[in-house]
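Colleague: Dumping the structure here so I can ask a few things about it.
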Amino acid sequence: MKYSKFIVASLLILAFSACNQPGPPGPQGAPGNTGNTGNTGNTGSTGNTGTPGDTGNTGNTGNTGATGDTGNTGATGNTGATGDTGNTGNTGATGNTGNPGNTGNTGAPGAPGTPPR
């Protein structure tokens, strides 16, 4: 029994070495979880303001407006005041003398006279 420990140890090593041989590959593991989304980056600085543009050209002169309508006829003026009465005219010249009248008819015969007394 002097070497029995040695034999037992040799057998254990043999047994363990047989167990330590790699077996066939196992099935593929399930896919891992998707990683977390990274943090959003910082917003960039605002750009500098550009230089102001040149002033635009002056626009063309507008068209002349249409001629206005003719105005309404004015109201009739007021009647003037009545003039003053004229001066009385000069007296006319005396008329000519008329023609002589016709000769009268012959008178009737006279009554008989009264006899003397």
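Colleague: Separation of the stretch 51-117 and the stretch 23-39 by C-alpha centroid, Å?
Modeller: So the two Cα centres are separated by 132 Å.
Colleague: For D84, tell me the accessible area in Å² from a 1.4 Å probe, rounded to the nearest 10.
Modeller: Surface open to solvent at D84 totals about 150 Å².
Colleague: Also, quick follow-up: Residue by residue, what Karplus-based ³J(HN,Hα) values in Hz, rounded to whole numbers, does the stretch 34-48 have, using 6.51, -1.76 and 1.60 with θ = phi - 60° and x for Gly and Pro?
Modeller: Per-residue couplings from phi come out as 5, x, 5, 5, x, 5, 5, x, 5, 5, x, 5, 5, x, 6 Hz.
Colleague: Continuing with the same structure: For I7, I13, what's the largest-to-smallest order of accessible area, 1.4 Å probe?
Modeller: So the residues, ranked largest to smallest area, are I13, I7.
Colleague: What is the angle, in °, between the Cα long axis of helix 4-19 and the longest principal axis of the Cα atoms in the chain? Nearest 10 is fine, range 0 to 90.
Modeller: Taking the Cα atoms of the chain, the angle to 4-19 is about 30 degrees.
Colleague: Moving on. What does the extension gain come out to for T43 and T58, with contour length at 0.36 nm per residue minus their alpha carbon separation?
Modeller: 1.2 nm
Colleague: Pick the calculated percent of Cα pairs over 20 Å apart for this structure from (i) 88; (ii) 47; (iii) 74?
Modeller: So the structure-derived entry is (i).
Colleague: If you roll a 1.4 angstrom probe over the protein chains with everything in place, what fraction of the accessible area of the chain belongs to carbon and sulfur, to the nearest %?
Modeller: 50 percent
The values are calculated or read from the model by the stated rules, or taken from the named source; none is laboratory data. Please read these numbers as outputs of a predicted model, since none were measured by experiment. All accessible areas refer to the heavy atoms of the entire protein, side chains included, with ligands and DNA or RNA removed. Shrake-Rupley method; radii C 1.70, N 1.55, O 1.52, S 1.80 Å.
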